[in-house]
Amino acid sequence: MTEPVGRRDTLQALIKHGRLLLAIPLTQVFSSRLYTSFVHAATERPKGEDMKQDSSLDTLDPYRLPRHVVPLRYDLRLETDLTAATFAGQETITLMVHQPTPELVLNAIELEITSAQIEGDSDPARQGTIALDATLQRCHLTFSRPLSPGTWRLTMTFCGRLNDKLRGFYRSTYKDERGATHSMAATQFEATDARRAFPCWDEPDFKAVFASTLVIDPTLTAVSNTKIAAETLEGGKKVVRFADTIKMSTYLVAFIVGRIEPTEPVMVGQTPIRLWAVPGKRHLARFGQDIASASLSFFESYYGIPYPGDKLDLLAIPDFASGAMENLGAITYRETALLVDQQSATHSELERVADVVAHENAHMWFGDLVTMSWWNGLWLNEAFATFMEMLAVDAWKPEWKRWDGFGVSRAAAFSVDGLRSTRPIEYPVQAPKEAEAMFDVLTYEKGASVLRMLEQHIGPRVFRDGVRDYLHAHAYGNADTNDLWISLGKIAKQPVPELMNGWIFQPGFPLMTATVSPSSELTIRQQRFSYLNHKRSGPSQEQRWQIPLQMRITAGGKTSTSRMLLTEKDATIPLPNDWESILLNEGGHGFYRVHYAPDLLTRILNAGFDRLAVTERFNLINDAWATTVAGLMPLTDYLDLTARFTTERDKNVWAVLLDSFSFLNRIITVEDRPALEAFVRGRVGPAVADLGWAPRSGESEGTKQLRGELIGAQGKLGNDPTIQRRAAELYRAYRNDATAVDPNVVPSLVAILAHTGDATRYDEFNERFRTAATPQEERRYLFSLAAFQPKALLERTLARTISREIRTQDAPFLVSAILGNVEGRELAWAFVKTNWEKMEQLFPKQGLRRMCGGIAALVTPELERDVLAFFTSRKIDLGGKTLEQYLEQLRIAVAFRERELRGIQAALNH
Ligand SMILES: [Zn+2]
């Protein structure tokens, strides 16, 4: 699956809420001793094949099904009625019974099961008694005589509603060009919602073959995981029978029914690739189809295994809770992640589509062909797909320098993993709610970051060969983390499990502190990073990692690189007497922060930024900011450091700087605002003046994007009246002629005009939202409605989030955006409190969870107390450690405010 908002959006949201920025100096450690023993019981879990025989599991975990009955094949027939929003189903599941059993236990929820009958090869059909357990989402079928070991066929009939919660089998609606509303039906089964569409063994290691038939209105179209095997008309209905799937998990099954239209297929080898959209949007499919075919062919060659399906359809669904879903052969997307107009889109909007399409294609092997045994291993799917999406997009458009942008993803992971309430990448999961909470930056971004670190450590070819070995060994089956390490270790001829377990099974990451003694000895010390109480001792301070450390040392005018694996608490290395500077985390791939002693930092700065790669500059400023938030670096030092970046022209490095300024904007009082605005103008102004308003010939896409972002910052955070006037002029020109302004600048114009806008502008942007020509434009104008300052306008936006006027896939994010607006946050918080029940009932679970992330922007002690009281008194559980993390992020921001507020004017004027 892909997150509902883009990674850049995630970053900006984090920033808005002051959650990102915390960069930190590090400590480092190392030693010559390579492998300390880190043993983790979690790697010892039995593998899927073994578990199927192991009925003891169900006594341990009420959410796991007994393993002595295993489904082999589902013959499934579903008849949909879009008008009534219902479906009726019949299925025959072929089962292998391993032990005599009087009862079958499988998953079902919100289904009415009307009959269940079983027959064996030599046993005539008999009816079962049906009992549903809504708490555990199970169906118990009992029979008069026990079923003996062997093959059985279970036939069930059932019916259900096409819900509006964007999960299971659900209804999506859209308006056609004449304004008439139409319905369609789509599925979203990951993590545990296939059981809402048909009774099934809904766990990832119960892999089976699916043979699906959809019975639909003859004017509609149906798409599923495989090619259509036959299509007939029966009793006025269209009956579409699909070919058998490969052996796969239930969460990958998909059905889409509606008035949808495909592109012409593009062939990659034997695989036809088509994009689908509701009528009127097919012309936005070209870019997505290009990256779909480029990445599919990239992965076939990288993995050394042909695409495992018989066709590949990518479908844009108007209502969609996440970003996209990797159903084998029928990948579903929210429209902004698939459909785009190349002429009018910004670089980041194109990059978003490229990333998500490549990500989902990567899953066809990593996730679909080989699947994690259980949800605790979700990172195997998601971290890999995130890592592979970077590789594929980088290969497709090297000029985009995609790995430079990956620094932003890594930073997002650092921001959560620096919390005391973080969790290990692999984490115990029982209930469905806990599985849902696993879809976070630790699974995706931290997972991908540590894979990148490993790939750089053992070498890209060795890494690729290890991945091939793993996929070959477990194709059509399930695997655990340790299986991956075994393959990688075998090919790398290195103890990969010992190296990686600390990164996967321990929470947090190391801060490496570097100091040099007067006798030119470099000392590096590792210590777990924390934003709060960094110096406090405790068990977390005893944590150790095996850290692949790469350093660049300049001495006597010559530069050399050294690599080592640090396993001890600290290490000391002699430097040449004529050493000039030292850079830790050369290349920037390490998942750790660096804290340099002041003289070391000065030497790096004096050597000049032109000596540093983009990611190294990114890490330098990002670590410095985290250190500042953690109280390890004085705020004045950080603000002085930012003055060194006025000649910086990389968009990613600037993202960190702008983030930190936004964080300060959330902290300060009204009286401090002019000082912050002047400070921002001083930092951003020179770059805006240099870049101008229009692209120069030969300019990179990254620079175009940077221009837009800097103009936006200058106009909003800097509150620069000249920029605001120019933005209004240019927006008028853009409305008359859409080609008059570079697409990358347009979002900033909209943002600035919303920031300074009145009710007339609000109505104008609202109308633009309703009549937008592309999904990106629709989203841009929708979110502009959260960026106005007058409270009456923000109240209008808030009211609409629960009115069904705004899609529930977007509404919670809009609320979160207003929580992040300093003029609207208290209003939005009051609104959330008043309307909590309604939101809980209306919004998709995932959206509600993300919305609550906005509380980190409520940065005063009074609001913090109120937030705590609200969530505590209502006993709200967002799954996993989600709420705990949000509250800690709020605590960090409030603590920072309490520490720095008094001196902030002086620091800004320093
Ligand atoms: Zn994914």
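Values in this text are rule-based calculations from the coordinates and carry no lab data. Quick caveat: nothing in here was measured; it's all calculated off a predicted structure. Cβ placement follows ideal geometry from the backbone for every residue including glycine, while neighbour counts extend to all protein chains displayed.
Under 18 Å from the Cα of residue 207, which lysines turn up, not counting those fewer than eight places away in the same chain?
47, 52, 247
What do you get for Rg/Rh over segment 505-649 if you use C-alpha atoms and the Kirkwood form of Rh?
Ratio of gyration radius to Kirkwood radius: 0.95.
Any idea what the dipole of segment 410-512 comes to, in debye rounded to 20, about its Cα centre with Lys/Arg Cβ at +1 and Asp/Glu Cβ at -1?
300
Using Cβ contacts closer than 10 Å as the measure, can you line up 283, 68, 140, 359 from fewest to most?
Ordered by Cβ neighbours within 10 Å, fewest first: 283, 140, 68, 359.
Work from the charge dipole of the chain (Cβ charges, +1 for Lys and Arg, -1 for Asp and Glu, about the Cα centre) and give the residue of 628, 166, 503 farthest towards its positive end.
628
When you count, for each residue, the other Cβ atoms within 10 Å and take the mean per peptide, how do 638-648, 411-421, 450-460 rank with the highest first?
411-421, 450-460, 638-648
List the lysines whose alpha-carbon lies under 19 Å from that of residue 281, not counting same-chain residues fewer than 8 positions away?
175
Taking the alpha carbon gyration tensor of the chain, what are the square roots of 5 times its eigenvalues, largest first, to the nearest whole Å?
Taking √(5λ) for each eigenvalue gives 45, 34, 25 Å, largest first.
Based solely on its DSSP helices, what 222 nm [θ] is calculated for the chain when runs of n ≥ 4 H residues each add -39,500 (n - 2.57) and the sum is averaged over all residues, nearest 500 deg cm²/dmol?
-12500 deg cm²/dmol
Using only the alpha-carbon atoms, how far is helix 721-736 inclined from the longest principal axis of the chain? Give it as 0 to 90 degrees, nearest 10.
So the inclination is approximately 40 degrees.
Along the charge dipole of the chain, pointing to its positive end and built from +1/-1 on Cβ of Lys, Arg, Asp and Glu, which listed residue (243, 658, 484) has its Cα farthest out?
Most positive-ward Cα: 658.
If we count every other residue with Cβ under 13 angstrom of residue 459's Cβ, Lys/Arg +1 and Asp/Glu -1, where does the sum land?
Neighbourhood net charge equals +3.
Between the helical axis of 286-303 and the dominant principal axis of the chain, each derived from Cα atoms, what acute angle in degrees is found, rounded to the nearest 10?
The angle comes out at about 80 degrees.
Is the shape of segment 197-348 rounded, prolate or oblate, going by the alpha carbon gyration tensor and its root eigenvalues a ≥ b ≥ c, with a/c under 1.5 for rounded and a/b larger than b/c for prolate?
In terms of gyration-tensor shape, oblate.
Taking the number of other C-beta atoms within 10 Å as the exposure measure, put 305, 491 in order starting with the fewest.
305, 491
So for each of 882-893, 182-193 I average, over its residues, the number of other beta carbons within 10 Å; can you give me the resulting order with the highest mean first?
182-193, 882-893
Would you work out the charge dipole size for the chain about its Cα centre, treating the Cβ of every Lys and Arg as +1 and the Cβ of every Asp and Glu as -1, and quote it to the nearest 20 debye?
Roughly 1020 debye, rounded to the nearest 20.
Can you pull the Rg over Rh of segment 675-742, Cα-only, Kirkwood?
Over the Cα atoms of segment 675-742, Rg/Rh equals 0.99.
Taking the alpha-carbon distance from residue 845 and a cut-off under 21 Å, which lysines remain once sequence neighbours fewer than 8 residues away in the same chain are dropped?
Cα-Cα hits under 21 Å: 165, 433, 833, 875, 881.
Taking Cα pairs under 8 Å and at least six residues apart, what relative contact order does the chain come out at, in percent?
Dividing the mean separation by the residue count of the chain yields 14 percent.
With point charges of +1 on the Cβ of Lys and Arg and -1 on the Cβ of Asp and Glu, referenced to the Cα centre of the chain, which listed residue (714, 566, 588) lies farthest in the positive direction of the dipole?
It is 714.
With charges only on Cβ, +1 for K and R and -1 for D and E, what is the dipole size of segment 549-683 about its Cα centre, in debye, rounded to 20?
For this selection, approximately 300 debye.
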